[in-house]
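Student: Structure in structure tokens, see below.
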Ligand SMILES: Cc1ncc(COP(=O)(O)O)c(C=O)c1O
């Protein structure tokens with residue numbers, strides 16, 4: 001797809017977007033981001049997304065560079081320029097450019113706002129994952145652009161032909177490098193509770209909301225690595241992946257590699273939520 005970018009007030013082709021090497025995002029990973037799914041030309045679950053963006057900005061003492069309605073208008077304009085109704089928008093806000101590199105920052109530095117449009121991903125089954133130690137910091141609830149441990153973990157998965165790396169700390173699976181983790185055991189849907197150890201995924205939130213509405217039993221509690229192997233179903237969620245069923249962990253098949261019925265049910269509900277959004281019902 002033709003990717004249009006937005007940088008500090010200007011729309012331009014992605015290939016022409018330039019930032020200063022003195023941008024604190026570039027030098028220090030001093031910034032946050034969002035991945036915004038758009039269906040039927042409108043952002044899906046925008047109130048939750050905006051709330052998370054604001055939480056991330058507040059957590060790193062970054063002032064909101066645009067009003068809420070300007071942000072929404074930015075999404076609308078990028079979508080129109082992409083000539084597509086279904087897409088993903090990457091939005092990144094960094095603390096901005098300063099004349100010299102310092103760890104401390106100035107209160108009046110103008111944040112850098114960058115966004116561009118990209119396609120929604122597609123995937124083919126079966127999906128395998130690996131587990132790897134969670135090397136991240138203690139504020140994984142902030143959607144920080146500092147993603148080196150996530151990227152290194154995901155690269156390990158890539159080298160092993162797997163779709164995702166699940167991050168394990170003290171024997172517990174926190175989440176994936178860019179997804180949340182769910183298991184199903186005896187029809188109980190289980191995912192770790194929100195905490196500084198995980199990112200509160202929008203798709204995670206939707207899955208739990210759908211479980212509640214449709215009276216599918218669920219629990220928010222820690223998941224041990226060994227529970228993955230005995231689970232009836234393992235899923236990962238993200239706005240791009242939606243709900244993906246995992247058929248093997250570290251080469252070991254989950255339920256003989258069969259995709260489970262609760263996933264099928266949840267995926268239908270998830271797609272129905274998108275359809276409702278398309279038709280303005282939600
Ligand atoms: C570490 C991490 N956890 C979970 C998620 C899933 O979040 P969402 O459902 O909002 O895409 C992401 C998404 O990028 C992520 O990076």
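The values are calculated or read from the model by the stated rules, or taken from the named source; none is laboratory data. Treat the numbers as computed from the prediction; the structure is a model and nothing was measured. Neighbour counts run over all protein chains shown; Cβ positions are idealised from the backbone, glycine included.
Residue-wise test of (1) outside any loop (DSSP other than H, G, I, E, B); (2) surrounded by fewer than 17 Cβ atoms within 10 Å (Cβ to Cβ); (3) in contact with a helix residue (DSSP H, G or I) (Cβ under 6 Å, 6 or more places away or on another chain).
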| residue | (1), (2), (3) |
| --- | --- |
| 15 | yes, yes, no |
| 20 | no, yes, no |
| 34 | yes, no, yes |
| 48 | yes, yes, yes |
| 51 | yes, yes, no |
| 54 | yes, yes, no |
| 61 | no, yes, no |
| 66 | no, yes, no |
| 69 | yes, yes, no |
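Student: Right, another one. Can you list residue pairs whose Cβ atoms sit under 7 Å apart, with the first residue in the range 161-175 being under 14 Å from residue 224 (Cβ atoms) and the second being away from the ligand (no atom under 13 Å from the Cβ) and outside any strand (DSSP E or B)? Count only pairs 6 or more apart in sequence or on different chains.
Tutor: Close Cβ pairs satisfying both conditions: 168/225; 171/225; 172/222; 172/223; 173/223; 173/225; 173/228.
Student: Against the definition (within 13 Å of the ligand (Cβ to nearest atom), surrounded by 18 or more Cβ atoms within 10 Å (Cβ to Cβ) and outside any loop (DSSP other than H, G, I, E, B)), how does residue 136 come out, yes or no?
Tutor: Here the answer is no, as residue 136 does not meet what is asked.
Student: May I ask you to verify whether residue 125 is modelled with pLDDT of 95 or more and at negative phi?
Tutor: Values: modelled with pLDDT of 95 or more: no; at negative phi: yes.
Considered against the rule, which asks whether it is modelled with pLDDT of 95 or more and at negative phi, residue 125 comes out as no.
Student: Follow-up question, since we're still on this one. Run residue 165 past the list (1) assigned to a strand (DSSP E or B); (2) within 13 Å of the ligand (Cβ to nearest atom); (3) within 27 Å of residue 5 (Cα to Cα) and report the number of the one that doesn't hold.
Tutor: (3)
Student: Considering only residues that are more than 8 Å from the ligand (Cβ to nearest atom) and touching a strand residue (DSSP E or B) at 6+ places or on another chain (Cβ under 8 Å), which ones fall in the range 176-189? I'd like the intermediate steps shown before the answer.
Tutor: Taking the range 176-189 first, the residues more than 8 Å from the ligand (Cβ to nearest atom) are 181-189.
Residues satisfying the conditions are 181, 182, 183, 184, 188, 189.
Student: Looking at the range 190-212, which of the residues that are touching a helix residue (DSSP H, G or I) at 6+ places or on another chain (Cβ under 9 Å) and away from the ligand (no atom under 12 Å from the Cβ) is nearest to residue 60 (Cα to Cα)?
Tutor: 209
Student: In the range 204-222, how many residues are touching a residue at least 40 places away in the same chain (Cβ under 8 Å) and buried (at least 23 other Cβ atoms within 10 Å of the Cβ)?
Tutor: Here the count works out to 1.
Student: From the set of residues in the range 31-40 that are over 19 Å from residue 96 (Cα atoms) and in contact (Cβ under 8 Å) with a residue 60 or more places away in the chain, which is nearest to the chain's Cα centre (by Cα)?
Tutor: Going through the range 31-40, the residues over 19 Å from residue 96 (Cα atoms) turn out to be 35-40.
Applying the additional criterion that residues be in contact (Cβ under 8 Å) with a residue 60 or more places away in the chain yields 35-37, 39-40.
Details: 35: 6, 36: 9, 37: 10, 39: 16, 40: 20 Å.
Only one residue tops the list, namely 35.
Student: Oh, and also: Answer yes if at least one residue in the range 71-89 is out of contact with any helix residue (DSSP H, G or I) (no Cβ under 7 Å at 6 or more places or on another chain), within 19 Å of residue 141 (Cα to Cα) and surrounded by 20 or more Cβ atoms within 10 Å (Cβ to Cβ), and no otherwise.
Tutor: No; the residues of the range 71-89 include none that is out of contact with any helix residue (DSSP H, G or I) (no Cβ under 7 Å at 6 or more places or on another chain), within 19 Å of residue 141 (Cα to Cα) and surrounded by 20 or more Cβ atoms within 10 Å (Cβ to Cβ).
Student: It is to be established whether one or more residues within the range 153-160 are touching a helix residue (DSSP H, G or I) at 6+ places or on another chain (Cβ under 9 Å) and at pLDDT 95 or above.
Tutor: For the range 153-160, residues touching a helix residue (DSSP H, G or I) at 6+ places or on another chain (Cβ under 9 Å) and at pLDDT 95 or above: absent.
Student: Still on this structure, please answer the following. Quick check on the range 7-30. Is at least one of its residues within 15 Å of the ligand (Cβ to nearest atom), touching a residue at least 40 places away in the same chain (Cβ under 8 Å) and within 19 Å of residue 108 (Cα to Cα)? Quick ask: steps written out before the conclusion?
Tutor: So in the range 7-30, the residues within 15 Å of the ligand (Cβ to nearest atom) come out as 29.
Among the residues that remain, those that are also touching a residue at least 40 places away in the same chain (Cβ under 8 Å) are: 29.
Filter again for within 19 Å of residue 108 (Cα to Cα), leaving 29.
Checked the range 7-30: at least one residue is within 15 Å of the ligand (Cβ to nearest atom), touching a residue at least 40 places away in the same chain (Cβ under 8 Å) and within 19 Å of residue 108 (Cα to Cα).
Student: What is the one condition in (1) within 12 Å of the ligand (Cβ to nearest atom); (2) closer than 25 Å to residue 160 by Cβ; (3) in a loop (DSSP other than H, G, I, E, B) that residue 259 does not satisfy?
Tutor: (1)
Student: Scan the range 141-162 residue by residue and report those that are in a loop (DSSP other than H, G, I, E, B) and either surrounded by 16 or more Cβ atoms within 10 Å (Cβ to Cβ) or within 12 Å of the ligand (Cβ to nearest atom) (or both).
Tutor: 141, 142, 143, 145, 146, 147, 162, listed by residue number.
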